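A short worksheet on the structure shown next.
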There are 4 protein chains.
Amino acid sequence: MSDLLWPGDHRCGELFSDAAVLAALVGVESAWLRALVRHGIAPAEAGTDLAGRAGPEDLDRLAAAAESGGNPVIPLVALLRERAGTPAADWVHKGLTSQDVLDTALAMCLRDAVARLRADIVVQVRALARLAGEHRGTPMAGRTLTQHAVPITFGVKAAGWLDDVLDAYDRLDVPPAARFGGAAGTLAGPAALAGSARGALALAAAAADELGLDHRPRPVTAIGDGLVACTDAWGRIANDVLLASRPEIGELSEEHGGGSSTMPQKRNPVLSVLIRRAALAAPPLGATLHAAAAARVDERPDGAWHVEWATLRTLARRAVTAGAQAADLLAGLRVHPDRMAATLAAARPGIDAEQREFTGDADGPYRGATDAIIDAALQRAAGVLG
Amino acid sequence: MSDLLWPGDHRCGELFSDAAVLAALVGVESAWLRALVRHGIAPAEAGTDLAGRAGPEDLDRLAAAAESGGNPVIPLVALLRERAGTPAADWVHKGLTSQDVLDTALAMCLRDAVARLRADIVVQVRALARLAGEHRGTPMAGRTLTQHAVPITFGVKAAGWLDDVLDAYDRLDVPPAARFGGAAGTLAGPAALAGSARGALALAAAAADELGLDHRPRPVTAIGDGLVACTDAWGRIANDVLLASRPEIGELSEEHGGGSSTMPQKRNPVLSVLIRRAALAAPPLGATLHAAAAARVDERPDGAWHVEWATLRTLARRAVTAGAQAADLLAGLRVHPDRMAATLAAARPGIDAEQREFTGDADGPYRGATDAIIDAALQRAAGVLG
Amino acid sequence: MSDLLWPGDHRCGELFSDAAVLAALVGVESAWLRALVRHGIAPAEAGTDLAGRAGPEDLDRLAAAAESGGNPVIPLVALLRERAGTPAADWVHKGLTSQDVLDTALAMCLRDAVARLRADIVVQVRALARLAGEHRGTPMAGRTLTQHAVPITFGVKAAGWLDDVLDAYDRLDVPPAARFGGAAGTLAGPAALAGSARGALALAAAAADELGLDHRPRPVTAIGDGLVACTDAWGRIANDVLLASRPEIGELSEEHGGGSSTMPQKRNPVLSVLIRRAALAAPPLGATLHAAAAARVDERPDGAWHVEWATLRTLARRAVTAGAQAADLLAGLRVHPDRMAATLAAARPGIDAEQREFTGDADGPYRGATDAIIDAALQRAAGVLG
Amino acid sequence: MSDLLWPGDHRCGELFSDAAVLAALVGVESAWLRALVRHGIAPAEAGTDLAGRAGPEDLDRLAAAAESGGNPVIPLVALLRERAGTPAADWVHKGLTSQDVLDTALAMCLRDAVARLRADIVVQVRALARLAGEHRGTPMAGRTLTQHAVPITFGVKAAGWLDDVLDAYDRLDVPPAARFGGAAGTLAGPAALAGSARGALALAAAAADELGLDHRPRPVTAIGDGLVACTDAWGRIANDVLLASRPEIGELSEEHGGGSSTMPQKRNPVLSVLIRRAALAAPPLGATLHAAAAARVDERPDGAWHVEWATLRTLARRAVTAGAQAADLLAGLRVHPDRMAATLAAARPGIDAEQREFTGDADGPYRGATDAIIDAALQRAAGVLG
């Protein structure tokens, strides 16, 4: 799954690729089939493992066939029934509806994406905690509305980034959940099979547990907003690095600069550029999920459901790519205290005006204050770093 | 604050109006001034109450004067100093920066908006719990992709709406917080005044407590996303009501229909129309807040902060208007079981196909299954209704 | 109409204010009434001038009354009939529907907004043409991906801004049009009154001509996209000015800097900050208009029409404010060739690498090339400046 | 290029696929190389055809390598130089910058997409003109705000759809253009090679002409907005068809209904569902292009350029898929005049209230009026159908 037009996308590997989605769809059908067998609804011989009954070589055919019914589950079920043999064929997908299978498979892909994001955020948090701690005494010019404002330290700036990343991390805490409600989500199909509503809930719980998913679906916008919150946080960091990497400022630089097709001297802050790109793309994708949620009607909507799938995939891959790039960026970030000091010196005495007003002394107490901010952020970080 | 182009906006009253924002701004400056006095930093005589020193008659002047510095706090502080008399004038805004005052004032307005939303959601939840309970045995046609799918009950449909509203309610749980960080957020100003970082934190906490606000600011996107989640939930309900109000369907109707300027026979489902309108408007406003978050740079950004204020106001007023309309809509919703039964009868036998497959019996077990779903939603509702 | 939360909004004055919208609504009803009289449909005595029959003092009442029918035209027609006296009362709004009146009134407000924008763009174009011409020989460092790339001139940079502004100017060329289609847009009402379809078209044309509007409505997204194209163009300029105003770069500055509430030394590039703010806000507003267009259904949609009104107003006022600010910004822009030269000198020899590759000479031919670009832009500008 | 999560995407074939983008990139480099040879800048022996020097088998490698410099042109140029042999290798990409090649290649892909859209719109226009003409006398209920309003004909409804589609068609008229400006767009590189600015312009024109592209780039938002205008128009049609396909209404149906994974009786209006899906997805993608335009800075921006590529691709494929589906939908649309008549009869006498007011007669003059509207639309259509 190459993407020539989104450099860095290869970092996602097969995450949410068509092959991964297909594997997840088959996994959901398998888990349900096994639950039917274990609960004594389907005969033991129906308990075939469906994994491997459909694979990458079927993708083109399934994707094309998905159009006539509007979703890929319909042709997949036909394919699985064809290949499962008797008696399994009679029990595949029994009691489920397309939405059960697709939404649950997307939850599995999302879970994998969030796991990747979490791991990369831990790397970021570790790097940021180190930067905040090591540079708690590294003075630099604070800037507001592009102008020199008051002296700060690079440590307190890093602590601000860290707080943002931790806020985003918190917003990823939306348990991916299975959905096994049958046609129109009434549980009627599963209940008919299980003989009771209680039986239907037990079936659904068993299948969800096997897949490692929560039992109660949350609005898909909740995780969508969390993904956008991540790219927001990284976007801010990228903006600060891009600015500080400018030759006129030179206070920060990326570990490796990117080259140019025509200008041999260029060292571009490429990771930051690519992260900023994701931060521009993500908010409208999150808004699409909300617009879809707001356009729902009936027991399954006429387009508002269908638009979610690819939007979620794109948003998740954008976030995962940016998260990996942000981890690299922060782990390799070069800090140039000499340039920071030079900027600050040049900004004096103007930049000390506020402090002088309070203390009559430009070398005032900001250090203690920023230490308090840094320490609070480090304490939060410790909760994530364990 | 009339709005001819957003019918229903008058329901918000002064919420987030310019006058309310001004009062909040003055309130923040007052709370800070009192904190300075109480902590022995400013002399007791400086402890003037600023409330009333600036009011609606100053709005035009302040709004126009806000442009030259880019925010309304700068001219307001000048005005308050001018009117506060000595020695208060020397202490007004001491140690603060514009962003402290504006962000904290917006948090106060948001708190009021969320309080209104919560109260209206309680009305909605009560109405929905009643509908779900009363109609747990009212059969109707379930629809997917616009077509009759399987029989459901109106109770289980109402339970689905209820679950959505409760999910939205949960997302409003973002504590509005004060921000008292001084220039560039370093706490340096407050610390200089208080003599220590610890003193600065105590000052900030005292002022926040007086205003009834939390101490730790969250990203503004968190509450923004929560507001959009609300309009999403109401939008879905409105869509279902709009559809069911069509004369060809007639299964639901609003208590009062709206008239027409030219067609005397019309009874339009106006509340639903206006709610759906808000559901179309809100997602892009939420996306603007994310785009702003992602565009931050420096210790205070060059436009990305400024775009948040009016966006938040518009989003909050849209949500509050829609929330009040949704409360009215649901409290007065007319259910027509006869029409539901007629639709279902006309949809037979096709609509029973799935059940027949499972049970050989069209009057199958869906009732028990939907009861389980309804009961789960009612249990969640009880947590809100107390 | 003050707006404390959008500094600069007062520049719009009454443009699109509730009072202006009301006056436009009354103007549309008046024009129609006069057309009915002139075409011999209504008696001469019905030809009362409605202007002044409703005014600012009615706004609160009308705005509140607009909710029950979903739009402000319904209560306004009632009010006008009440106040018009006989026989005019019988003929007010005859043959029209609410959408005719509201959409036509919005077109009038848009026309005024576009006239303001055009005038401000002429100022911008004049300033940009001057900058491009005067600085065609002012060398500076060209930058790509934040890094020094090749030498350019400030003239060619200004020419790029100019091209962008001219592109945006072209996109404002969407003739605002009247809509007089009667209920459901079928022309049936007007045709019944006029005795024929041809008569109905003549009536509609007469009323449109009186209002100075085109006869064929275009999708509202066309002008919406044009407004966003304007803020895009100004946003880019603002970004460049913000960057160049940074003390470390200092190549450009605004005529008047903005102050701070706490830091006396600050000179903030406030106009650029506020323009950038508008450029962040506008794209999602344009997207709302598209989402509304895509959500249309029936002969008048159930919310997708209603969301357009306030969205258009906000977008138009944001654009007009930003346009006026951009005119001021460009007319007063301070260029600092010495700082540009210093940056360029510091960037050497790296920045000359590409030229050296081609010519073995760093003082290569870029001047002639950039002159060609500048001249092409100046020629386009001449078309606007006349 | 299968897309399991966007059913119907296979209709786009290789349009804008990675392979197509790569071929376009190579095509641009080839055209430039040939122009260099023809203008006597490069030696004749350098005029190798580059087509085939890089192909699908290189995609994974190129996509991964694109990250380090931030765009795929850098590794592609290296590859082409490696494979072109001497002396061509010395001249490949000479005088160009990555942005020239990528933007021009995207323009080529867009041109192909617009050609597809135009062809499908012609099919739509033909179908709509037929529907409008054949059904000019087919009465049905006009609906506003979901309620029966006045009688219309299906012909006039189809004419409204047609007008919308023609408006969208007009907005596709943005000539795709080449960009050959060299580093930072100054023409300096090409001018150095050609010996003059005039020579550089001639070189650029020659290469553009060979590729069949215009010479002056327009903002990418112009074509982006045009693509969204298309999905807006189709979205409205889909909404009307979805509504009219509901069993309770039954006035329209798709030629082939889609099936269900669990409900054998279902005939879902799948094409409309999938078109509506695209109409939900497109506006935020258009907004992303505007946000990118507004975020530009420097001679090439630090992320705002990079986000355009994949956004354009997705938007174009969404539009092309929906355009093909809309062509199928309209060509095969089934109209049910009997159901329309039945609805209208049931809506009487209320629905005739407005007409009765004007004529005392319910079978009033709407026919002539709607004919006038239909004829105007047919006349516009003739301009497209030739």
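Remark: B:Ser253 matches the filter, which requires a residue to be among the hydroxyl-bearing types (Ser, Thr, Tyr) and open to solvent by 10 Å² or more (accessible area, probe 1.4 Å).
Filtering the stretch D:75-90 to residues that are part of a helix (DSSP H, G or I) and out of contact with any Phe, Trp or Tyr (no Cβ under 9 Å at 6 or more places or on another chain) leaves D:Pro75, D:Leu76, D:Val77, D:Ala78, D:Leu79, D:Leu80, D:Arg81, D:Glu82, D:Arg83, D:Ala88, D:Ala89, D:Asp90.
Among all positions in the stretch B:287-303, there is at least one residue which is among the β-branched types (Val, Ile, Thr), crowded, with 24+ Cβ neighbours inside 10 Å and touching a Pro at 6+ places or on another chain (Cβ under 7 Å). Might you let me know whether the stretch C:37-51 holds any residue that is open to solvent by 10 Å² or more (accessible area, probe 1.4 Å), of a type in the set (S, T, N, Q) and farther than 27 Å from B:Val73 by Cβ? Yes.
In the condition set (1) within 7 Å of another protein chain (Cβ to nearest Cβ); (2) buried (at least 24 other Cβ atoms within 10 Å of the Cβ); (3) over 15 Å from the mean Cα position of the chain (by Cα), A:Leu330 is compliant with all but (1). The selection criterion, being hydrophobic (A, V, I, L, M, F, W, C) and in contact with a Ser or Thr (Cβ under 7 Å, 6 or more places away or on another chain), does not hold for D:Leu5. Scanning the stretch C:137-153 for residues that are touching a strand residue (DSSP E or B) at 6+ places or on another chain (Cβ under 8 Å), charged (D, E, K, R) and touching a residue at least 12 places away in the same chain (Cβ under 8 Å) turns up nothing. Considering only residues in the stretch C:259-280 that are at pLDDT 95 or above and β-branched (Val, Ile, Thr), the one that is nearest to the chain's Cα centre (by Cα) turns out to be C:Ile275.
What is the residue count in the stretch B:177-188 for residues that are more than 18 Å from A:Phe154 (Cα to Cα) and crowded, with 23+ Cβ neighbours inside 10 Å? Break it down into steps so the answer makes sense when it comes.
Applying the first criterion (more than 18 Å from A:Phe154 (Cα to Cα)) to the stretch B:177-188 yields B:177-180.
Restricting the remaining residues to those that are crowded, with 23+ Cβ neighbours inside 10 Å gives B:178-180.
Result for the stretch B:177-188: 3.
Restrict the check to the stretch B:236-258 and report whether at least one residue is at pLDDT below 95, within 9 Å of chain C (Cβ to nearest Cβ) and more than 24 Å from the chain's Cα centre (by Cα). Scanning the stretch B:236-258, I find at least one residue that is at pLDDT below 95, within 9 Å of chain C (Cβ to nearest Cβ) and more than 24 Å from the chain's Cα centre (by Cα), so the answer is yes. Residues in the stretch B:209-235 that are small (Gly, Ala, Ser) and either surrounded by 23 or more Cβ atoms within 10 Å (Cβ to Cβ) or at the interface with another protein chain (Cβ under 10 Å from one of its Cβ atoms) (or both): B:Ala222, B:Gly224, B:Gly226, B:Ala229, B:Ala233, B:Gly235.
Counting the residues of the stretch D:149-176 that are more than 10 Å from chain C (Cβ to nearest Cβ), open to solvent by 10 Å² or more (accessible area, probe 1.4 Å) and either more than 30 Å from the chain's Cα centre (by Cα) or of a type in the set (A, V, I, L, M) (or both) gives 1.
Taking the condition of being open to solvent by 10 Å² or more (accessible area, probe 1.4 Å) and within 30 Å of the chain's Cα centre (by Cα), how many residues in the stretch B:25-36 meet it?
We begin by selecting, within the stretch B:25-36, every residue open to solvent by 10 Å² or more (accessible area, probe 1.4 Å); these are B:27, B:34.
Those still in the list that are within 30 Å of the chain's Cα centre (by Cα) too: B:27.
Here the count works out to 1.
When restricted to residues that are in contact (Cβ under 8 Å) with a residue 24 or more places away in the chain, touching a helix residue (DSSP H, G or I) at 6+ places or on another chain (Cβ under 6 Å) and hydrophobic (A, V, I, L, M, F, W, C), the stretch C:293-308 contains 1.
If you go through the stretch D:54-64 and pick out every residue that is in a helix (DSSP H, G or I) and either of a type in the set (Phe, Trp, Tyr) or more than 10 Å from every other protein chain (Cβ to nearest Cβ) (or both), you end up with 1. Within the stretch D:259-282, being facing chain A (nearest Cβ under 7 Å), more than 28 Å from C:Ala233 (Cβ to Cβ) and of a type in the set (A, V, I, L, M, F, W, C) holds for D:Met263, D:Val270, D:Val273, D:Leu274, D:Leu280. Say whether the condition of being surrounded by fewer than 22 Cβ atoms within 10 Å (Cβ to Cβ), within 14 Å of chain A (Cβ to nearest Cβ) and assigned to a helix (DSSP H, G or I) is met by at least one residue in the stretch D:65-74. Scanning the stretch D:65-74, I find at least one residue that is surrounded by fewer than 22 Cβ atoms within 10 Å (Cβ to Cβ), within 14 Å of chain A (Cβ to nearest Cβ) and assigned to a helix (DSSP H, G or I), so the answer is yes. Whenever a residue of the stretch D:86-97 is more than 14 Å from every other protein chain (Cβ to nearest Cβ), its partners that are hydroxyl-bearing (Ser, Thr, Tyr), lying with C-beta atoms within less than 6 angstrom and at least six residues away or across chains, give the pairs D:Ala88/D:Thr48.
Each row is one residue, and each column tells you yes or no for (1) closer than 17 Å to B:Pro175 by Cβ; (2) of a type in the set (Asp, Glu); (3) part of a helix (DSSP H, G or I); (4) more than 13 Å from the chain's Cα centre (by Cα).
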{"residue": "B:Gly95", "(1), (2), (3), (4)": "no, no, no, yes"}
{"residue": "B:Asp103", "(1), (2), (3), (4)": "yes, yes, yes, yes"}
{"residue": "B:Cys109", "(1), (2), (3), (4)": "yes, no, yes, no"}
{"residue": "B:Asp112", "(1), (2), (3), (4)": "yes, yes, yes, no"}
{"residue": "B:Arg116", "(1), (2), (3), (4)": "yes, no, yes, no"}
{"residue": "B:Ala119", "(1), (2), (3), (4)": "no, no, yes, no"}
{"residue": "B:Arg126", "(1), (2), (3), (4)": "no, no, yes, yes"}
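Kindly evaluate B:Thr144 against the criterion of being farther than 30 Å from B:Ala282 by Cα and touching a Ser or Thr at 6+ places or on another chain (Cβ under 9 Å). Break it down stepwise before answering.
Working: farther than 30 Å from B:Ala282 by Cα: no; touching a Ser or Thr at 6+ places or on another chain (Cβ under 9 Å): yes.
The answer is no for B:Thr144.
Every condition in (1) under 31 Å from the mean Cα position of the chain (by Cα); (2) open to solvent by 20 Å² or more (accessible area, probe 1.4 Å) is met by D:Thr144 except one, and the failing one is (2). Somewhere in the stretch D:192-206, is a residue away from chain C (no Cβ under 11 Å) and open to solvent by less than 10 Å² (accessible area, probe 1.4 Å)? Within the stretch D:192-206 (the criterion being away from chain C (no Cβ under 11 Å) and open to solvent by less than 10 Å² (accessible area, probe 1.4 Å)), the answer is yes, since at least one residue qualifies.
Considering only the stretch A:2-23, state which residues are open to solvent by 10 Å² or more (accessible area, probe 1.4 Å) and within 15 Å of A:Leu211 (Cα to Cα). Selection gives A:Ala20, A:Ala23. Would you confirm, using the coordinates I've provided, whether D:Arg130 is open to solvent by 20 Å² or more (accessible area, probe 1.4 Å), more than 14 Å from chain A (Cβ to nearest Cβ) and without any contact (Cβ under 8 Å) to a residue 12 or more places away in the chain? In short, yes. Out of the stretch A:283-324, which residues are at the interface with another protein chain (Cβ under 7 Å from one of its Cβ atoms), in a helix (DSSP H, G or I) and small (Gly, Ala, Ser)? Result: A:Gly286, A:Ala287, A:Ala291, A:Ala292, A:Ala293, A:Ala294, A:Ala310. Looking only at the stretch B:260-280, residues that are touching a helix residue (DSSP H, G or I) at 6+ places or on another chain (Cβ under 6 Å) and open to solvent by 10 Å² or more (accessible area, probe 1.4 Å) come to 7 in all.
The values are calculated or read from the model by the stated rules, or taken from the named source; none is laboratory data. Model, not experiment: these values are computed from the prediction. As a convention, Cβ positions derive from the backbone with ideal geometry for all residues, glycine included, and neighbour counts pool all protein chains shown. Accessible surface is based on the protein model in full, side chains and every heavy atom, while ligands, DNA and RNA are left aside. Shrake-Rupley method; radii C 1.70, N 1.55, O 1.52, S 1.80 Å.
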